[in-house]
Amino acid sequence: MRARLARRLVVPLLVAVAALFLILGFVAVSVAERSVQRDFAARADRAAATLNALALPREHRGTILAAMSDLSGLAYTLGDQSTLQDAISFRDDTPVVTADGDSFRWLRRDLEAKGETLYVLARESELRQRRRDALTPIGVAGALGLVLALAVGLWVARLVAQPVRELADSVQGFAKGEFTGSFRARGPGEIGELQDAFVAMTNEIERQQNKVRESERFATLGRLAGGIAHELRNPLTAIRMAVETALDGNDEASGNVRSEARAVAVAEVDRLDRTLRELLHYVAPRPLTLQSIDVGPLFEEVSALLGPQCRHLKVELRIDAGMDGLSVRGDRDRLKQALINLVLNGAQAQPRGGFVELRARPHVWEVADGGAGIRDEIKDTLLQPFATTKAAGIGLGLAVVDQVAQEHAAELTFETGPDGTTFRLTFGPTATSA
């Protein structure tokens, strides 16, 4: 980026200087040409004035013209006298003539005193040399200006491009969370102000992010604490009532009452244990213990464990036949916990009773219920932790199932409608076998 920015700064400057140099070159050539022509005309005028001032006989003209030629470097032709060996025919439409093997430009001057015409000739090579002499200082100055412009352009580009590059790197670093909050060097002018504004912006964003994270942390802790308190309060209340009943020996049927109270207490303790294990497994999952697991016995075990609770909720728990020979490689306890969470989720979704069915086929496990389906507004957040619409619960059940699926390289999906919801665990081909 810095190289591109440097080119964008230097190239236009060099183009502008080069264009100015070309313009000045054309102007200089024109000025030099006019200067050479004026000098040529002035020397021709001086030669004519000299001859006008002298009253010389014809036989001395050659000597005078030769002397003037030696002094001025010009050639002269006057009447029948000339400093050139070749005879020349001067025509107004031919400004350049050839004589003595050289090219000459000529000017004509009339001598008033003698009624003759003086032709003054200058070698083309001499005129070119005079033009070069006139253009050399301009060319040297232009070249030095071009070099100076290049040096200044590179210096400006470096002065501007380096802090701009650092600013761009800082923006990218900030996007990745790697910005240190300062710059190595402050850029000139508006670039420095832009750096200061960027630092102030990042500091403010970081401060706001810290506030948002703190608010989110307290909100999450609040939801978690509320869910845990609710999950613990109900079992503890039931356990207390069961214990008080078990300790009360005045009832005539105290034996049956105590037995039921003990069963309730044990069930509620199991419920507390499941809640705490669910939380611990999500927050700090243990390493997987992989083994080959028969699907049928695992489903039967889950059915036996949750059957009483489902019957209490008036929900029929079914197991689809045809799972003989199906197996999966995974962590038995984690997969069992995922099935328990799915079954309980389906049972609790049917407050007036219904059914939950466990099904399996190669690569796929399904848990279907006959509830009213999942509302559209919660579908996108259903698998997120602490997302729940139940009066009780901390919203980790389906989040734990999704976590278990990811641990086993499986995919958790669901289909829902007014006739019920089906959660589907799809394993990779290498994880299952028939």
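Read the figures in this text as sums done on the coordinates, not as results from a lab. Not measured: the values here are computed from a predicted model. In this analysis, Cβ positions are derived from the backbone assuming ideal geometry, glycine residues included, and neighbour counts consider all displayed protein chains.
Name the residue from 94, 140, 125 whose Cα lies farthest towards the positive end of the charge dipole of the range 2-152, charges +1 on Cβ of Lys and Arg and -1 on Cβ of Asp and Glu.
140
Taking 0.36 nm per residue of sequence separation and subtracting the Cα-Cα distance, how much length would be gained by fully extending the chain between residue 60 and residue 333, in nm to one decimal? Walk me through the numbers on the way to the answer.
Numbers: separation 273, 0.36 × 273 = 98.28 nm, distance 13.51 nm.
Fully extending the segment from residue 60 to residue 333 adds 84.8 nm.
How would you rank 125, 103, going from fewest to most other Cβ atoms within 10 Å of each one's own Cβ? Let's see the in-between values first.
Values: 125 11, 103 14.
So the residues, fewest neighbours to most, are 125, 103.
Give me the extension gain from residue 126 to residue 96: residue separation times 0.36 nm, minus the current Cα-Cα distance, reported in nm with one decimal.
9.5 nm
Quick one: if the Förster radius is 56 Å, what FRET efficiency do residue 26 and residue 70 give, using the C-beta to C-beta distance and rounding to 0.05? Walk me through the numbers on the way to the answer.
Details: r = 36 Å, r/R0 = 0.65.
Using R0 = 56 Å, I get an efficiency of 0.95.
Treating each Cα of the range 2-152 as an identical point scatterer and ignoring solvent, apply the Debye formula and state log10 I(q)/I(0) at q = 0.09 Å⁻¹.
-0.45
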